[in-house]
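Q: Below is the structure I would like to discuss, written out as structure tokens.
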Amino acid sequence: MNQFAQALLDILRLRAGPEDLPASWTLTLIFVGLHVAFGMFTAMALDQSSTVFNSLVMTALQIFAVAILLKVRGFPERLAQTLLAFAGTGIIIGGIVFGVLLQADQDVNQPLLALVWLPLFIWSLVVDAHIYRNALAISLSQAMLITVLLLAGSYVVVELLVMFFTGNTG
């Protein structure tokens, strides 16, 4: 396994950070593009085309937030590696979640599926917090707070944009 793939797997296992990835804008842009494309593919495959817009907006918001946070903390040079870490781990976790969601049947109550999905969601939050912790040089609890606040804020912004563009207030 090459060093890049090993570093991504180690980030997923909380044993490495974005600093262990190459500082390559080319690689970062490729992976951010792949992450967005995978999100769009997933949304369409699961017949949730409305989430394509949500995915694009949430990705843009995360890029913006990461850039601002790194600038405020005095680490703007870490932007490429941090975005690469989020995109790379997002593709891997997204692929696993996609496999789980393919098993979902809206007409059937599937508590076991929820029991599989919930730990994946928590793992995703912890991995994101781990990336923030390393990139911003902060504690894990601070990083978890940032992760949860950015996730909640992203959903609020997406809902407001949907309401604005569609005129749907209900």
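The values are calculated or read from the model by the stated rules, or taken from the named source; none is laboratory data. Quantities reported herein were computed from a predicted structural model and do not represent experimental measurements. Every residue, glycine as well, gets a Cβ built from its backbone with ideal geometry; the counts of neighbours run over all protein chains shown. To get the accessible areas, we keep the full protein, side chains included, count just its heavy atoms, and leave off ligands, DNA and RNA. Shrake-Rupley method; radii C 1.70, N 1.55, O 1.52, S 1.80 Å.
Q: Test L112 against the criterion of being assigned to a helix (DSSP H, G or I), open to solvent by 60 Å² or more (accessible area, probe 1.4 Å) and either among the aliphatic types (A, V, I, L, M) or under 16 Å from F64 (Cα atoms) (or both), and give yes or no.
A: yes
Q: Which residue is least open to solvent (accessible area, probe 1.4 Å), if the candidates are limited to segment 150-168 and must be over 26 Å from F98 (Cβ atoms) and in a helix (DSSP H, G or I)?
A: Looking at residues that are over 26 Å from F98 (Cβ atoms) and in a helix (DSSP H, G or I), I get M163.
Q: Using beta carbons and a limit of 8 Å, which pairs, at least six apart or on different chains, have the first residue in segment 117-135 and farther than 29 Å from D105 by Cβ and the second one among the aromatic types (F, W, Y) and open to solvent by 30 Å² or more (accessible area, probe 1.4 Å)?
A: If the second residue must be among the aromatic types (F, W, Y) and open to solvent by 30 Å² or more (accessible area, probe 1.4 Å), the pairs left are A135/F75.
Q: Of all residues in segment 49-106 being hydroxyl-bearing (S, T, Y) and within 15 Å of the chain's Cα centre (by Cα), which is surrounded by the most Cβ atoms within 10 Å (Cβ to Cβ)?
A: T82
Q: I've got another one for you. Being surrounded by 17 or more Cβ atoms within 10 Å (Cβ to Cβ) and in contact with a Ser or Thr (Cβ under 7 Å, 6 or more places away or on another chain) is the filter here, so list the residues in segment 115-132 that pass it.
A: Selection gives V127, D128, A129, I131, Y132.
To keep it simple, each residue is scored yes or no on (1) closer than 16 Å to L79 by Cα; (2) at pLDDT 95 or above.
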site: D10; (1), (2): no, yes
site: R13; (1), (2): no, yes
site: P18; (1), (2): yes, yes
site: W25; (1), (2): yes, yes
site: F41; (1), (2): no, no
site: A45; (1), (2): no, no
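Q: Follow-up question, since we're still on this one. How many residues, within segment 58-72, are of a type in the set (G, A, S) and at pLDDT 95 or above?
A: Selection size over segment 58-72: 2.
Q: Output the residues belonging to segment 133-143 that are surrounded by fewer than 18 Cβ atoms within 10 Å (Cβ to Cβ) and outside any loop (DSSP other than H, G, I, E, B).
A: Hits for segment 133-143 are L140, S141, Q142.
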